[in-house]
1. Would you mind checking which residues have amide H under 5 Å from residue 177's amide H? H placed 1.01 Å from N; only 5 or more apart, or other chain.
2. Determine the per residue accessible area of the range 129-182 with all protein chains present and a 1.4 angstrom probe, expressed in square angstrom.
3. Using a 1.4 Å probe, what is the accessible area per residue for the range 197-248, in Å²?
4. For the range 106-256, what's the relative contact order in percent, using C-alpha pairs closer than 8 Å and at least 6 residues apart?
5. Mind listing P(r) for the range 138-256? All alpha-carbon pairs, 5 Å bins, whole percents.
6. Quick one: Karplus J couplings for the range 76-84, per residue in order, coefficients 6.51, -1.76, 1.60, θ = phi - 60°, nearest Hz, x for Gly and Pro?
7. Run down the aspartates and glutamates and flag those whose C-alpha is under 12 Å from the C-alpha of residue 118, throwing out any fewer than 8 positions away in its chain.
Amino acid sequence: LMLSKMAATSAGRVLSLCRQFQKGFCISSRIQPSVLAFSKPPLYVLRPNSCWLTGGPSLVQQCRALHLSPCRRGLEEFFDNPENWGEPTVKSGAPWTAKQLRTKSSEDLHKLWYVLLKEKNMLQTVEQEAKRQRVQMPSPERLKKVERSMKRLDTVLKEREDALRLLQTGQEHARPGAWRKDVFGRTFWYRFKEWAIPWYMNRRYTRKRFYTPPFVNRFIRLRIEKSLRAKNRKKRLDLEKEKKLNETFPHLSAKM
């Protein structure tokens, strides 16, 4: 009896599935080809004297008559203007000062950063090409001006971030810390960290020594004396090198 009941239920399910498939095939066969033709998406045509697209109403509402996106260029932006090719000097303006950059908004500074970055990439390409051809780069001071402007722009942005942080949290640095000394007498900025246990239970933290023994003071003086001697030696060598160059090329020193 149980087997007969299971066979009857399975047969009923198969019949119901066959009826559903038959209904679906009947509906698909009743669709006319004219309806299918209208179901195709409409073609959009661009008028010669207008930038609006003709088509569905939703697309017309989404389109804009004016587009301000710049034209896309290729690798030619890595090279200087063709008018400046072969010229010994190229006219350039003064670098951006910090006073001028402070008057700009953050959005303008963001745009100016990428403009300077593109100019820097172009000038580095010109410099590399001049090295390859073993000729002098035209107006090499342009690269220094761009780098100086980018450095000042970065300084202005850091000033704004510090001012905003001081206003919100009262902290001078992005990550709080303190000036400390190691066992060799060197001063460094120690950035605080979050620990899951107190500091007196943390063996890793207690192994650090933030003090200088008294017998190290003599070596601190010797290290400072060594660094000062190295600076003076480097300065003296630069002066001697400049003197030799002036003796070898007197006509260049007269122009300088």
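1. Those lying under 5 Å, H to H, from residue 177 are 192.
2. Spelled out: the 1.4 Å probe surface of the range 129-182, per residue, equals 75 Å².
3. 101
4. This gives 13 percent for the range 106-256.
5. Using 5 Å bins, I get a P(r) of 2, 8, 8, 9, 10, 11, 13, 12, 9, 7, 5, 3, 1, 1, 0 for the range 138-256.
6. 5, 6, 7, 10, 6, 4, x, 5, 8
7. Hits, sequence-local ones excluded: 76, 77, 80, 147.
The values are calculated or read from the model by the stated rules, or taken from the named source; none is laboratory data. All values reported here derive from a predicted model rather than from experimental measurement. Heads up: the accessible areas ignore ligands, DNA and RNA and are worked out on the full protein's heavy atoms, side chains in. Shrake-Rupley method; radii C 1.70, N 1.55, O 1.52, S 1.80 Å.
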